[in-house]
Amino acid sequence: MDSALTEDGVLAAADGRRAIGDESTRRRLLGSLVEHPLLDAWLAFPEEGRVTVRTGKVELGQGIRTALAIIAAEELVVSPARIDVARTTTGSTPDEGFTAGSRSIEQSGAAVRQACAHAYRLLRDRAAARLEVSADALVADDGVFTTSNGDTVSYFELAAEGPFDYLVTAPAPLQPAAEHRFIGRGIPRLDLPAKISGAPAYVPDLRLPGMRFARVLRPPRPGATLETATPATVGSADVVRDGSFVAVVAGSEGEAEEAAERLAALLDWRGGMGFPLDAADPSYMAAHVVSSYPIIDGLASDGPAPPDPISHDDAALVLHSRFTKPFLLHGSIGPSAAVALHDGASLTVWSHSQGVGFLGKSLADVLGLDRGAVTVHHLDGAGCYGHNGADDAALDAALVARACQGQPISLRWARADEHRFEPLGPAMVVDLTASLGRDGRVSSWDEDILTYRHNARPLPQATGSRLLASWSLDPPVERSRAAPMLDFEAGGHRNGTPHYELGAMRVVKRDVDDASPLRTSAMRSLGALANVFAIESFMDELASAAGADPVAFRLGHTSDPRARAVIEAAVELAGGLEVPAGDDSVGRGLGFAQYENSMAYVAVVVELEVPARTAQITLRHAWIAADAGEIIDPDGLLNQIEGGFVQAASWTIKEKVELGPDGPSCSDWDSYPILRFSEIPSIHTKLIDRPDCPPVGAGEASCGPAAGAIANALAQATGVRVRDLPFRPEAIRAAFDALD
Amino acid sequence: MPVLYVNDGEHDLEIGSNLPLLWALRDQIGLSSPKYGCGLEQCGACRVLVDGVPVASCRTRCGDVAGRPVATLEALRATAEGHEVIEGLLRANAAQCGYCLPGIAVTLIWLAMRRPVPFDEVVRALDDHLCRCGSHPRILRVARRIFDPDPDAAGDGSRAGHGNGET
């Protein structure tokens, strides 16, 4: 059903009937207000001149606090400087689950927007009653209503009349777009002055009276146990031990670090499980498939797989290619950290977790505390890009705090712990087969996605735990393994379904779980990186087989005007895919996707240089076009799109976790190199504003298209197709050699 | 016991000579701008100046800097160059999580005090720093404005780091 927002913000069906009952429409308009409809849960006027906005979404460096302040300021008609976005805390801010999947603007943004729109109307009604005029006769400006005779009353006086105690169940009219002062323009990031100038801003910067500092000593391999006694102290540090969980705690972080090094030399670890060295090999993965799911309308179905769609009879050509993606590290620049205080009955934790509500419940379960006795405050950390060690560090800190009751414990992982023990971005294999008709169009498409699991986040479990240290306790809490993700565009089938119109189509996800110590979990863009890399590479292979231009070939396979618009815009920005004449080591390539086939559209053109002598890729230029619906904060959107491109370029060109028998053999930035400043191309980005389309997050939308564009540029530059990530010189050289 | 001279303050500390400077700055002196990133001199998050020269405070022993002036971002941000660099980074929202930025700011301020510095040299100096969020294009744009205000004079401008956003 076509529908649109009418001028007063109420949803109207295309035929003019009002239709606010539709569940997905309600969710789109109200966001997390669907779960938390109480207006006072989202908004407060705590003192003269100040507005507090409460959110369950946390700052990960994506600028969500600033975006929410913009939205609240716009709908309340106040200056953004009056808005305080409260820190997310269990029990006092709305529980909005995980801050993940680029959903914060859709969920929290929509809720804050509607909460503020309702509050504005309620305040205006109170003002009208107090000033004895009609609501229409009032003009609002920065927290003050004024009548035509100049009588005024402030929001803060009106709010003092009492709580709203009001349930939001239907959308209120929004401020008209033509009068927007902040939405679409943006304001400087609210959190950056402290962060950039080095003021205390992150979990390890928190200082509490009597604080002590801790380091944990991880086993050399998963499952190894400590069979012998540990000393009670090492120098000035105390040793905390529970089963095979061992940590040191001292009066300063420097002492804790030194004590950890000294204690490590004394520990006698036994046993443990070896890592499968070939865990990323397609044959190993295929041998450990647990179940298969046909992907139907973006959902993993438990029904039988559809028949093979490839008709070999009437096809002019059938192509097949296999693409692989290795295990990756999230690679936070700041290792995971947490602060915990245990007073014997209750536990308070400060964490940079993406889901403080789930973390609090999981901590309570492992520690045997009542769930109501655990409070988790979100405090910013270094960027995490998904499920890294943040939650695990929170349990580590809580365990030390339990042994040191009444003392605030600041615990931080060492760099090698972060590299070796964070959950890995899952390895994937994507097999694509397509038939190309004599008309040059793809007539059928068969896709087989082989994937480890993408979500081992610490959801509270009926039994067991997903927090790392819990498996080492005495008695251990059994490891709860990740479950396959079956939801719309989730996990390994995120962007598994091509956005193009490709005739008969079959997409099957095969879920891999090898019962080894491997731990994989959510990493920025989840399956979209491997899937879009594969699909966009293969589209170029098909275009080449059809003798078609890659741009025209894509446009010939999509009628979606927003898809066409970003592809055309990126190509226009680049001035086409032709490379400057006379330089045969330079190539240009295009990559496109609509994130989750339902969110932001991004097209990327990359120009790179790869001399045959070095086989080393130098990225020269990137031209990006993005459409994330209505633009709330153009600068924040650019930052996310460009940042996603740069991170994905690093994955694509450089990154791979090598596995040794004891786990990831990379333990620092020399053994796991990432892109550096001198390797960054010039980037030009065009944002396409769609004021009529709901705003969607874009933090992950450019990743897949970046990989696709680089792959296609590499193929154009070298004449060889590299289908295994990353594109390190040895892989490119091997492709050259195979050509000879 | 080493006496440290940090940001023009004298600190007579009960610490071992082998203690990494980073921990003396954070634990004993209470500074927050030097960040722990790797402890291996690989990421630049802990960078400070000793004798006016950038060092990784995570791998610098307190005993080796006793009696020598140490400057952290807390002091450097109050200089004219510090103001220029921090304001430039803020105006450009040149960060996402921001964790790597204090170290990067130290490098940019140190270079700004030595202008003119060729832009390529600035980029090479920034290679001592890792950023994971992908804020490099913005940081490079800010650096370009500080060190190379007339980009046309610096060649064809086709190399790294001046991508701009157009809406």
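Quick look at the values:
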item	result
Per-region count, region A:142-167, residues assigned to a loop (DSSP other than H, G, I, E, B), in contact with a Ser or Thr (Cβ under 7 Å, 6 or more places away or on another chain) and surrounded by fewer than 20 Cβ atoms within 10 Å (Cβ to Cβ)	1
Residue count for region B:17-31, restricted to those that are within 11 Å of another protein chain (Cβ to nearest Cβ) and in contact (Cβ under 8 Å) with a residue 40 or more places away in the chain	6
Any chance B:VAL53 is surrounded by fewer than 18 Cβ atoms within 10 Å (Cβ to Cβ), more than 9 Å from chain A (Cβ to nearest Cβ) and within 12 Å of the chain's Cα centre (by Cα)	yes
Exclusive hit being among the acidic types (Asp, Glu) and either in contact (Cβ under 8 Å) with a residue 40 or more places away in the chain or within 12 Å of chain A (Cβ to nearest Cβ) (or both), set B:GLU10, B:GLU14	B:GLU14
Considering residues of region B:118-143 that are over 16 Å from the mean Cα position of the chain (by Cα) and farther than 27 Å from A:PRO335 by Cα only, the residue farthest from the other protein chains (Cβ to nearest Cβ)	B:PRO118
Matching residues in region A:618-639 - criterion: being within 10 Å of A:GLY184 (Cβ to Cβ) and either free of Cβ contacts under 8 Å to residues at least 40 places away in the same chain or crowded, with 24+ Cβ neighbours inside 10 Å (or both)	A:ILE631, A:ILE632, A:ASP633
Selection from region A:565-609 of residues that are modelled with pLDDT of 95 or more and at positive phi	A:GLY575, A:GLY576, A:GLU596, A:ASN597
Filter pass, A:SER671 being part of a helix (DSSP H, G or I), under 30 Å from A:ASP278 (Cβ atoms) and either within 11 Å of chain B (Cβ to nearest Cβ) or not polar (S, T, N, Q) (or both)	no
A:PHE245 surrounded by 13 or more Cβ atoms within 10 Å (Cβ to Cβ) and farther than 22 Å from A:ALA515 by Cβ	yes
Yes/no for B:ASP12 being among the acidic types (Asp, Glu) and surrounded by 19 or more Cβ atoms within 10 Å (Cβ to Cβ)	no
Test: residue in region B:90-112 that is more than 12 Å from the chain's Cα centre (by Cα), more than 9 Å from chain A (Cβ to nearest Cβ) and not basic (Lys, Arg)	no
Inter-residue pairs, beta-carbon under 7 Å, first assigned by TED's automatic domain parsing to the domain that holds A:ARG402 and at positive phi and in region A:234-245, second of a type in the set (A, V, I, L, M) and surrounded by fewer than 22 Cβ atoms within 10 Å (Cβ to Cβ), 6+ apart	A:GLY243/A:LEU473
Residue within region A:650-657 that is within 14 Å of chain B (Cβ to nearest Cβ), closer than 15 Å to A:PRO326 by Cα and of a type in the set (Phe, Trp, Tyr) present	yes
Any hit, region B:58-70, residues being more than 8 Å from chain A (Cβ to nearest Cβ) and out of contact with any Leu (no Cβ under 9 Å at 6 or more places or on another chain)	no
Selection within region A:578-593 - surrounded by fewer than 21 Cβ atoms within 10 Å (Cβ to Cβ), touching a residue at least 24 places away in the same chain (Cβ under 8 Å) and of a type outside the set (Asp, Glu)	A:VAL579, A:SER585, A:VAL586
Residue within region B:18-41 that is of a type in the set (Asp, Glu), surrounded by 19 or more Cβ atoms within 10 Å (Cβ to Cβ) and not assigned by TED's automatic domain parsing to the domain that holds B:PRO102 present	yes
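Matching residues to (1) at positive phi; (2) in the same structural domain as A:CYS693 (by TED's automatic domain parsing); (3) out of contact with any strand residue (DSSP E or B) (no Cβ under 6 Å at 6 or more places or on another chain); (4) hydrophobic (A, V, I, L, M, F, W, C):
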{"residue": "A:ALA115", "(1), (2), (3), (4)": "no, no, no, yes"}
{"residue": "A:ALA128", "(1), (2), (3), (4)": "no, no, yes, yes"}
{"residue": "A:ASP142", "(1), (2), (3), (4)": "yes, no, yes, no"}
{"residue": "A:ASN149", "(1), (2), (3), (4)": "no, no, yes, no"}
{"residue": "A:PHE164", "(1), (2), (3), (4)": "no, no, yes, yes"}
{"residue": "A:GLN175", "(1), (2), (3), (4)": "no, no, yes, no"}
{"residue": "A:ARG181", "(1), (2), (3), (4)": "no, no, yes, no"}
{"residue": "A:ALA201", "(1), (2), (3), (4)": "no, no, yes, yes"}
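The values are calculated or read from the model by the stated rules, or taken from the named source; none is laboratory data. Because the structure is predicted, anything quoted here is derived from the model rather than measured. Heads up, the Cβs are rebuilt from the backbone with ideal geometry, glycines too, and the neighbour counts pull from every protein chain shown.
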